[in-house]
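J.: Sharing a structure below in structure tokens format, with a few things to ask.
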Amino acid sequence: MDVVIGGDHGKGRFCMVKKLLLHYKDESKPTKDFVFQNGQIKSTKDSLEVLKKSIGFPIAESMA
């Protein structure tokens, strides 16, 4: 199992996602993947303060 965490911004919003990849012992089966949206911020301009005060720190603390 692999967990990939990432984020992207554009079109006035920031979106943070997590992707879970499941690998089977039997390699004849394809890898399964699931995508979860952890948070989203709509803002007219980029701001680290908006990210910190909304979803940034709570998500970071929950993954520690």
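J.: Under 19 Å from the Cα of Lys25, which aspartates and glutamates turn up, not counting those fewer than eight places away in the same chain?
T.: Leaving aside aspartates and glutamates fewer than 8 places away in the same chain, those within reach of Lys25 are Asp2, Asp33.
J.: Still on this structure: So which trypsin sites (Lys or Arg not before Pro) in the stretch 4-34 pass both tests, a DSSP loop state and at most 10 other Cβ atoms within 10 Å of the Cβ?
T.: Lys11, Lys25
J.: Can you tell me the length gained on complete extension of the stretch Leu20 to Lys42, counting 0.36 nm per residue apart and subtracting the Cα distance?
T.: 5.4 nm
J.: Moving to a separate point now. Treat each spin label as a single point 7 Å out from the Cα along the C-beta direction, and report the Lys32 to Arg13 distance in nm.
T.: Here the modelled spin labels are 2.8 nm apart.
FYI, it's all coordinate maths here, none of it is from the lab. All figures in this text were calculated on a predicted structure; none of them were measured in a lab. Cβ atoms come from the backbone with ideal geometry, glycine included; neighbour counts cover every protein chain shown.
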